[in-house]
Amino acid sequence: MEQSEYAGIVENYLDTVYRAALSFCGNVQDAEDVVQNTFLKLFLKAPAFQSEEHIRRWLLRVAVLLLMFSNVIAYAATGRTWISTVILPDGQEREVLLEEHYDEDGSRYFTGRFQKDDPGR
């Protein structure tokens, strides 16, 4: 992606992504983090967009997935498992089971797997 094209997309969609993130999480700091990570993903892995609407949908989908993942991690830290519905890039919805684990040194990590009865598997 050309630098000018990237700058134009950021200029056109920064406010849209920020407002969506803020309305979802209600926290300015988290919304700003999601916006930064969303546009970083755009810079690093931008697909070939077919239209302005495709750009907008892609950015919002990435932002929502980032928010969902951060919320899942915060909830799993309580020691529970969490089932979350995620929307894949192709638009499919899949249920994911996330579980919290600890290494021998006490380091925490998470694993996730798609539900077995999920037809998209």
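Each reported figure results from applying straightforward, stated rules to the coordinates on display, with no laboratory input. Everything quoted here is computed from the prediction, not taken from an experiment. Every residue, glycine as well, gets a Cβ built from its backbone with ideal geometry; the counts of neighbours run over all protein chains shown.
Observations on the structure shown:
- Förster radius 35 Å - calculated FRET efficiency between Thr16 and Ile83 (Cβ-Cβ, nearest 0.05): 0.75
- Distance in nm between pseudo-label sites at Ser70 and His54 (7 Å out along the Cβ direction from Cα): 2.8 nm
- Two-site FRET efficiency, Glu95 against Lys41, from Cβ-Cβ distance with R₀ of 22 Å, rounded to 0.05: 0.40
- Were the residues from Ala7 through Asp33 laid out at 0.36 nm apart, the gain over their Cα-Cα distance would be 7.5 nm.
- Legend: ranking of residues Thr38, Thr85 from fewest to most surrounding C-beta atoms inside 10 Å; resulting order Thr85, Thr38.
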